[in-house]
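Read through the structure below, which is laid out as structure tokens, and then see the notes.
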Amino acid sequence: MNTGSEDRNIKIIRVIACLLLIGFAAVVYYMQTRFTFILEDLYFLKDTATGERIESIGEIFANIAPTMSSRGGSLLSLSFLRTLLFLGNTASNLMNMIVLLAVSFLIGRCAGAKKEWIFFTTLPFILMFSLNSEWRYSYLWEFGIVNFLYPAVPFLIYLYLVLREVNEEKKIIGAGRAMIACISAFVAAAMNISYGVLGIVVGIMGIIILSRIVDVKVKPWLPVSVGLSVAGGVVYLLSSANFKTGSIMGTEYINFSIFPAVVLALLVLAISLRSGGWVAVSEMVLIVTLGAGVVLRFIIQAVPGMYPNGLQVGAVIVAITLLCNILGRFIKENIKAYKWALLIAVCGFVYIVLNIVADIGGVS
């Protein structure tokens, strides 16, 4: 294939990816408008003491302590949830779309996408839905998305900076970005302890790879960030209500099989190895983090009174990041692989749109 033909094919793929992104974003926003406040949303929309609807920002802060003492959970997530519920459906729907697109974009950045950022925003955006059978309660339900997906934003920022560090892109990680990494590690853990655990694994793997494989001096911000992930997890667990019956941490909100996402990522990894490829250092971080997430998910599920709600979504996010990372490497090595990556995106788009149409039509 000559260079001119390759360039033309890449442009066509970019246009198709852009159309898929716009089309699916429109579909998801429409579904957001159909899925109004329900279940826990209605509880957190009201004053804990009076049972009346919250009417001011002051009442949101006044309800923080009673909520933490009765339901537990995350101080940050619940404060954010109450604020969005107070602002109403339109503001919540817009914010949810921003977060969904931010998560998709950050996954692409973690995959090393630069010129092809549109495609590697589109692919994870589609896969987040097509590989998650509980997409309604993971991404449309306000309580679900704030508690189980919003923390993915600081987690992915942290993951991105760690991956850039292990890839020896030293110019990227200056003092300012190191501070951002540390703050992100703490915030992700404080918002949902599951992301804190994943962040700890990411940080420890970064330290091991740099010191044992790459053989360079580990910068101080990496161990500090691991410590802040631990601190964020401690902050999350400070509320004694987390260990009560009916607490947020002890209630099953979402439960779906994470295997489609994990298997797809590992299948593409196996194809890479079978065709003579290798495992990049960034992929080592993701493989170990994914493995830890899967193992912990089953351990937590076996513990009475605890449910891996956050790990359910977190494991899918890491699996999609690993998949995109490998596909990005494929495309850099052989541009023909771009067509196969596009096929995955198109198949995921058709599958999930058909599911959404069936959901609108009331077909189970």
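The values are calculated or read from the model by the stated rules, or taken from the named source; none is laboratory data. This one's a predicted model, so the numbers in the text were calculated from it and none came from an experiment. Only protein heavy atoms, including side chains, enter the accessible area calculation; ligands, DNA and RNA are left aside. Shrake-Rupley method; radii C 1.70, N 1.55, O 1.52, S 1.80 Å.
Numbers below:
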quantity	calculated
Helix 89-110 vs. the chain, principal-axis angle (Cα, 0 to 90°, nearest 10)	30 degrees
Phi-based couplings in Hz for the range 290-297 (Karplus 6.51, -1.76, 1.60; Gly and Pro marked x)	5, x, 5, x, 5, 4, 5, 4
Relative contact order of the chain, pairs being alpha-carbon contacts under 8 Å that are 6 or more residues apart, as %	21 percent
Value of relative contact order over the range 151-190, rounded to a whole percent, pairs C-alpha under 8 Å and six or more apart	60 percent
Mean separation of Cα contacts under 8 Å, 6 or more apart, over the residue count of the range 259-323: relative contact order %	50 percent
Amide H partners (placed H, <5 Å) of Lys46, local residues excluded	Ile54
Extension gain, Val295 back to Thr251 (0.36 nm per residue minus Cα-Cα distance, nm)	13.9 nm
Which label in [x] 71, 53, 38; [y] 63, 46, 42; [z] 74, 42, 34 gives the computed Cα extents along the principal axes in Å	[x]
Residue-averaged [θ]222 nm for the chain, counting only DSSP H segments that reach four residues, each worth -39500 (n - 2.57)	-23500 deg cm²/dmol
Degrees between helix 152-166 axis and first principal axis of the chain (Cα, 0 to 90, nearest 10)	40 degrees
Whichever aspartates and glutamates have a C-alpha closer than 15 Å to that of Lys219, once near sequence neighbours (fewer than 8 apart) are set aside	Glu165, Glu168, Glu169
Separation between Cα centres of the range 181-221 and the range 72-92, rounded to whole Å	28 Å
Nearest-10 value in Å² for the accessible area of Arg14, using the 1.4 Å probe	90 Å²
Candidate lysines for bridging to Lys11, where Cα separation is under 26 Å - those fewer than 8 sequence places away on the same chain excluded	Lys114, Lys115, Lys332, Lys336, Lys339
0 to 90° range, to nearest 10: angle between helix 75-87 axis and the chain longest Cα axis	80 degrees
